[in-house]
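This report concerns only the one structure given below.
The values are calculated or read from the model by the stated rules, or taken from the named source; none is laboratory data. Please read these numbers as outputs of a predicted model, since none were measured by experiment. Cβ sites come from the backbone with ideal geometry, for glycine too, and all protein chains shown count toward neighbours.
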Amino acid sequence: MKAIVTGARGLVGRRLVRVLAARGHDVVAWSRADVELSDRASVETGLAKARADVVFNPASMTEVDRCEAEKPRAYRDNVLAAANLAIAASAQGAHLVHVSTDYVFDGNAGPYREDDVPNPRGVYAKTKRMGEVLIEELAESFCICRTAVVYGWPQAARANFGAWLYGALSQGKEAKLFSDQFVSPTLADNLADMLVEIGERKLTGIWNVCGADVVSRVEFGHAFCDAFGFDPKLVVPTKLADLNLASPRPLHSGLVVDKIRNSLKNKPLSTRDAIESFKQSVREAPASSL
Ligand SMILES: NC(=O)c1ccc[n+]([C@@H]2O[C@H](COP(=O)([O-])OP(=O)(O)OC[C@H]3O[C@@H](n4cnc5c(N)ncnc54)[C@H](OP(=O)(O)O)[C@@H]3O)[C@@H](O)[C@H]2O)c1
């Protein structure tokens, strides 16, 4: 198939491009310099030219606290961009695989199933939910893939949870991790494999696409220490409220993975297997290669 990948320099986008190419697909990789997704004409022209079967859209403004300070940009990147892609993909008869987030839920009662009712809090979460709604309204063929706490090595332009944690612990520095936030950490390579399968099979609707386990950030840190042999005392438990962050975060989040587990050939990895794979990536690509 012919595929477009937006946000191709991002954490997930880079991996999508790699997996698609390795599976023999014809890939067009878009960074912001190639196509500004909030510019409707640019998206329409790009899609008409590429004539893709599937459009993968991991592009997004992902810095949660920055979204609070730069609301117009968050709306452009997370809402307008999604609407433009939905309209243009439909016009071209392309299937849209859109990447969203567990932050569409308030985190009062996770882990969440695909059909639970969203209640986003904060600008990032609200704009991601608006993007979902516009895709549901405007795209003729689409899949909304909600993921969570994506990490991978090497990192892309922005640091991610796993890369930051490895950076701190490997230098013997303490890492403050939330003991009261429960999430579904997701290895970016595993996510890319699952998203590509979803695109190849043109699966539709809403799917939770993330790691298999729901853990606290502290539990994740301890599993990380076990795998790498780091001193677990470097993991310093802290409470979300102690950090005074600009944007609210879901506390009891996490996503139920029954649907992907039962339907996909590429299965969600357990936290331990995902960290082992991360460790292998660190061995293959030392920090100096970033
Ligand atoms: N990372 C996580 O922990 C996490 C958790 C849950 C869900 N997700 C979702 O997963 C997806 C992928 O995240 P990620 O970590 O790969 O993000 P990322 O590394 O921040 O990459 C996002 C990419 O999208 C590009 N982009 C944003 N707005 C654009 C626009 N208007 N036009 C063109 N390009 C644009 C960015 O370009 P610039 O660098 O130029 O801005 C960046 O390269 C996102 O939808 C995110 O909401 C991520």
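Is it true that some residue in region 57-77 is surrounded by fewer than 24 Cβ atoms within 10 Å (Cβ to Cβ) and among the aromatic types (Phe, Trp, Tyr)? Within region 57-77 (the criterion being surrounded by fewer than 24 Cβ atoms within 10 Å (Cβ to Cβ) and among the aromatic types (Phe, Trp, Tyr)), the answer is yes, since at least one residue qualifies.
Within the set ASP102, ASP77, the sole residue that is in contact with a strand residue (DSSP E or B) (Cβ under 9 Å, 6 or more places away or on another chain) and touching a residue at least 40 places away in the same chain (Cβ under 8 Å) turns out to be ASP102. Within the option set LEU191, LEU134, LEU177, LEU195, being crowded, with 20+ Cβ neighbours inside 10 Å, over 22 Å from ASP77 (Cα atoms) and either without any contact (Cβ under 8 Å) to a residue 40 or more places away in the chain or touching a helix residue (DSSP H, G or I) at 6+ places or on another chain (Cβ under 7 Å) (or both) holds for one residue only, LEU177.
Tell me which residues, restricted to region 19-30, are closer than 23 Å to GLN155 by Cα and surrounded by fewer than 17 Cβ atoms within 10 Å (Cβ to Cβ). Spell out the reasoning first.
Filtering region 19-30 down to residues closer than 23 Å to GLN155 by Cα leaves 19-23, 27-30.
Across region 19-30, the qualifying residues are ALA21, ALA22, ARG23.
So the check is Cβ under 6 Å with 6+ separation or different chains; which pairs have a first residue in region 198-209 that's closer than 13 Å to ARG113 by Cβ and a second one that's among the hydroxyl-bearing types (Ser, Thr, Tyr) and surrounded by fewer than 18 Cβ atoms within 10 Å (Cβ to Cβ)? Listed by first residue and then by second, the contacts come to nothing, as the list is empty. Taking every residue in region 27-48 that is closer than 18 Å to ALA82 by Cβ and pairing it with any residue that is part of a helix (DSSP H, G or I) and near the ligand (Cβ under 7 Å from one of its atoms), at least 6 positions away or on another chain, the pairs with Cβ-Cβ distances below 6 Å are LEU37/ALA81; SER38/ARG76; SER38/ALA81. Among the residues of region 6-54, the ones that are more than 28 Å from PHE161 (Cα to Cα), near the ligand (Cβ under 10 Å from one of its atoms) and aliphatic (A, V, I, L, M) come to 1 in all.
Check VAL27, VAL97, VAL17 and return the single one that is hydrophobic (A, V, I, L, M, F, W, C) and closer than 14 Å to ALA139 by Cα.
Working: VAL27 fails: closer than 14 Å to ALA139 by Cα; VAL17 fails: closer than 14 Å to ALA139 by Cα.
Going through VAL27, VAL97, VAL17 in turn, the sole match is VAL97.
For first residues located in region 137-159 and at negative phi, partners that are more than 7 Å from the ligand (Cβ to nearest atom) and among the basic types (Lys, Arg) and lie 6+ apart or on another chain with Cβ distances below 6 Å form the pairs ALA156/ARG14. Pairing each residue of region 216-242 that is under 18 Å from ARG283 (Cβ atoms) with any residue that is modelled with pLDDT of 95 or more and of a type in the set (Val, Ile, Thr), provided the two are 6+ apart or on different chains, yields C-beta distances under 6 Å for ALA223/THR271; ALA223/ILE275; PHE224/ILE275; ALA227/ILE275.
GLU200 fulfils the conditions (1) at pLDDT 95 or above; (2) buried (at least 19 other Cβ atoms within 10 Å of the Cβ) except for a single criterion, (2). Each residue in region 133-180 was checked for being closer than 30 Å to GLU44 by Cα, within 16 Å of the ligand (Cβ to nearest atom) and of a type in the set (S, T, N, Q), and 1 pass. Residues of region 55-73 include none that is in a loop (DSSP other than H, G, I, E, B), over 20 Å from the mean Cα position of the chain (by Cα) and more than 14 Å from the ligand (Cβ to nearest atom).
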